[in-house]
Amino acid sequence: MHKTSKLFPYLKSTLSVFLFFSLLSIAASVSAAKFNTQKRYLYVQPGQSIFSIVKVLYPNQKDQWPVIIKKLVRKNPRAFIGADATKIQTGERLELPAYLSNSRPVSSTQAVVYKGPRSVGQVIQARGKTFSISQTDKKRNLEVGSEVFVGDRMFTGVKGFIRLSMIDEAKIDLRCNSEMLIEDYQLMRGGNRSVIYLIKGSMNKITGSIGKLADDLYELHTPVATVGVRGTEYALRVLQSYGCDGSLDVNSNGLFVKVKHGGIDLDSKTGKTGINEGEAALLATKDSQLINIEARDGVFYSSQADTQKGSLFGSFSWMLLLMPLIFVMRKIG
């Protein structure tokens, strides 16, 4: 009995230490389990793209897919060539967060409420008279911050100009005296689609993620021909006899096109022709052959700001020329 009483404090101390480390082990396991639910890993298989991966792993976060893709590229720089989301490397391991902190997965049993058309872009610059007419024939002015939707027909006046930022990060400059219709625009909803109809006028377009994958549908229609994209930036001018810089030396029935970066394919009645970086071309009518031209920048890129800058410089130059005459006249007086 005496020996048992001496051993009891020792046993109690040993048991306490055992319980303490057991609790630490359990806590560590819980912490590890919690960490693992926030972070997963995936090895890129042949034929996979970042778009197909995100579409499968984050089915309930469609609105966040572009943000998720950007985040994955930043977190996994070795998996992408030149930080380009479209150039993913087979065999690389991707760190995949289970969800974004600012988004919440939607329950599969939760009812989906239709809240009207979904915005496909936003006006980020505007000047002059600019407005749009929706599919329901509702007219609204286009200002900085205005959203645009599929079915919108946009108009710019004599001094009008708008710049659009689309959901795939494409940029569209719609210049003066122009009319453009957004026929379709989808990002990873049953396939990427960008279908725009430039009815008349001139525009400059910097392509976004749509058009960079083989199965994307990218079309820019005009009354004369259709453009398919192979590059990143190009300008069009169609059925416009008066340019935004006041130029008149254009064929009002034709289509002018200039490629600033990359390349495009122009599809007309006479066939499909590739136009490469730095080249400009004219398609006079639907039935004409495409011809290469030397087009000055004013036909495509001149803006009101450029004109104002030129006027200011011109006025300043005249002042410099007149200063000696003014000095002589003051001496005579």
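Coordinate-derived values only; no laboratory data. Keep in mind that this is a model prediction, so the values were computed, not measured. Note: ideal-geometry Cβ built from the backbone for every residue, glycine included; neighbour counts use all protein chains shown.
Inter-label distance, His221 to Ser241: 2.6 nm, where each label sits 7 Å from its Cα along the C-beta direction. Among the listed pairs Lys171/Lys260; Lys139/Lys286; Lys159/Lys212; Lys70/Lys171; Lys70/Lys260, those with a Cα-Cα distance over 23 Å are Lys139/Lys286; Lys159/Lys212; Lys70/Lys260. Between Asn292 and Glu143, the simple spin-label model (points 7 angstrom out along Cα→Cβ) gives 4.8 nm.
Take 130-139, 51-60 and order them by the average number of nearby Cβ atoms within 10 Å per residue, most first; the result is 51-60, 130-139. Other residues with beta-carbon under 13 Å from the beta-carbon of Thr226 carry, at +1 per Lys or Arg and -1 per Asp or Glu, a net charge of -1. In straight-distance terms, cross-link reach from Lys269 covers every one of the aspartates and glutamates whose alpha-carbon lies under 18 Å from its own, apart from those fewer than eight places away in the same chain; here that gives Glu219, Asp287. With a ≥ b ≥ c taken as the square roots of the eigenvalues of the C-alpha gyration tensor of the range 119-306, please select rounded if a/c is under 1.5 and otherwise prolate if a/b is larger than b/c or oblate if it is not? Taking the square roots of the gyration eigenvalues as a ≥ b ≥ c, the range 119-306 is oblate.
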